[in-house]
Amino acid sequence: MTISRRDGLKLGGAAFGAAMAGAVTRANGQTVDPTRTYSPGVAEQDYVPVITPNGSALPFEIVENTKVFHLIAEEVDHVFAPGLSAKCWSYNGQVHGPTIEAVEGDAVRIYVTNKLKAPTTVHWHGLIVPSGMDGVGGLSQRAIQPGETFKYEFMLRQHGTFMYHSHHDEMTQMALGLMGLFVVHPRAPAGPRPDRDFAYLLSEWHMRPGTYRPDPNEMTDFNVLTLNGKCFPGTAPLVAKTNDRVRIRFGNLSAMDHHPMHLHGHTFNVTETDGGPISETAQWPETTVLVPTGSTRTIEFIADNPGDWAMHCHMTHHVMNQMGHDLPNMIGLDPQAMQALTASLLPRAMAMGTDGMGDMGKHIAMGHMAVPENSIPMVGAQGPHDYITMGGMFTILKVRDQLDSYDDPGWYQAPDGTMATVASDADLERDNIQL
C-alpha cells in the first residue's frame, strides 16, 4: 500500500510512523525516514559502544548536526603477533582500520586522505548510499590520488554490521590491509541491549618466512589468518561477566576463504546478516556460524558458563601460523633414522612433523629449534596447563562470576572436580576399563 505524507497526517502521527517504518523496513532493512533529519546518536545513551579487540573506534566531531570522521590511508609497520610483523597499508596507522560507529539516521561526513604512493578509494560495503558516494574507482568516482583528500557524505539509512575497504586495485590494496568495520546501531532497538558488543574483521595474508611485506598475488596458500589484524598468540581475549548478554559481530574480507567461526562452551542465535536483522522467530541456534567472504554475521548469547572458552575458525589450517602446504608427509617417519641420514649434511636439523606439529612451538620456545627471520611457530603459546597448539584465527572468551573490570582476568581456575585429569587405577577398576 502506498501512503502519501498528506494521507499520513489523516491517519495520525503514531499510525503513520508505524506504517512508514513497516514500508521502509521491507526495503533494505531501513527503519528510518530518509527525508527526515535526526539528532546525532549518543554513545551510552542511544547505544552500547562496540568493542573492537586489538583495535579502536574512529573518533569524530559533530559539526552542524553531522558526524565528521577522518580516515588516512598510509603505510605502517604492523605486528601480527610478537615476532611477526610486516609493512602493511593502514587507515589511521591501524591494521585493520578503526571501527566507524554511528546510529541509524545519523548524517555522516567522512574525509579520506591518501598518504600512499598509489591512488585509492573507499567503498562502504553493504551500506545504501548515493551512487556517487559508493567509492568504486573509475565507476562512481575518480581515484583519490596521492596527497589528495576526498569527502564522502551520506545519511545512514539502515542499521547493522558493515565494512569499508579500498575499491581501487582491491586485490593489492585489501591484501595489504586497507579495510575496516562500519557499525550502525538502530535508532530504536527492538530487543534488549547487549552488555558486551564485540566486533571482529576476519582476514587472511600470505607472509613468506623471512619477508616483511604481504604477498598480494597469492590466491590459495594463505598462511596468516587474523582476527582484527592479529593472529594467536597476538589476539586479545573477550571478557564477560557471568550472565552478560554478549553480541559478537563478524565481518569477513578475506580474499578467497569463508570462515566457520566456532565458539566453545555456549550456544548462540544468529541474529543479523549484513542485509539486516533476522526476525526473532526466524533466528536459529548454532555453535558455529559460517561467515562467507564479503559478508557479515552477528550472533548473541548469554555468557552463563564460567571458564576460558576457545573461539576460532574451524578450518584446521586456519588455526596455524605460516604453515607450509607443499611439504612431504612426515607422519609415521622414524625421527632417529631421519636424523642419522641427515646428520652429516645438516647437523643442527630436527625431523619435525613425524608425529604432528603439536610440539613445534615448545621446541622453538626452549631453543631447540630456530625459525627464519620474522617468523613465528605454526602453533600457539603457553597456556595455564600445557602448550596451546593453535594459532592463526583463534582467541579466548573469558567468562567470570566476579569481575572488578573487563580487563583480562588471567587464566580460569576450575573448581575442584571440574577438570579432566589422569584416570587413577581406582577409577579404571571401578568402571571396569580394560587397558
With each label point set 7 Å from Cα along the Cα-Cβ vector, what nm distance links ARG430 and ASN217? 6.4
Of the listed peptides 122-129, 290-297, what is their order by residue-averaged count of other C-beta atoms within 10 Å, with the highest listed first? 122-129, 290-297
If we count every other residue with Cβ under 15 angstrom of PRO146's Cβ, Lys/Arg +1 and Asp/Glu -1, where does the sum land? -1
I need the shape label for the stretch 91-144. Rule: rounded when a/c is under 1.5, else prolate if a/b > b/c, else oblate, with a, b, c from the alpha carbon gyration tensor. oblate
Which of rounded, prolate, oblate describes the stretch 63-130, given a ≥ b ≥ c as roots of the alpha-carbon gyration tensor eigenvalues and a/c under 1.5 marking rounded, otherwise prolate only if a/b is larger than b/c? prolate
If you count, for each residue, the other Cβ atoms within 10 Å and average over each peptide, how do 159-169, 410-420 line up from highest to lowest? 159-169, 410-420
Per-peptide average of other Cβ atoms within 10 Å, ordering 96-103, 262-269 highest first: 96-103, 262-269
Quick one: which residues, 5+ away or cross-chain, put their amide H under 5 Å from the amide H of THR242? H built at 1.01 Å from N. ARG400, ASP401
Mind sorting VAL76, VAL224, VAL95 by how few other Cβ atoms lie within 10 Å of their own Cβ, fewest first? VAL76, VAL224, VAL95
Under a Cβ-Cβ cut-off of 13 Å, what is the net charge of the residues other than MET419 that fall near it, where Lys and Arg count +1 and Asp and Glu count -1? -3
Expected unfolding gain across GLU280-HIS258 under the 0.36 nm per residue rule, minus the alpha-carbon gap, is 5.4 nm
Modelled label-to-label distance, THR287 and TRP411, 7 Å Cα→beta-carbon offset: nm? 2.4
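None of the figures in this text is laboratory data; all of them are computed from the coordinates on show. Fair warning: this is a prediction, and the values are worked out from it, not measured in the lab. Cβ coordinates were reconstructed from backbone atoms using ideal geometry, including for glycine residues, and neighbour counts include every protein chain displayed.
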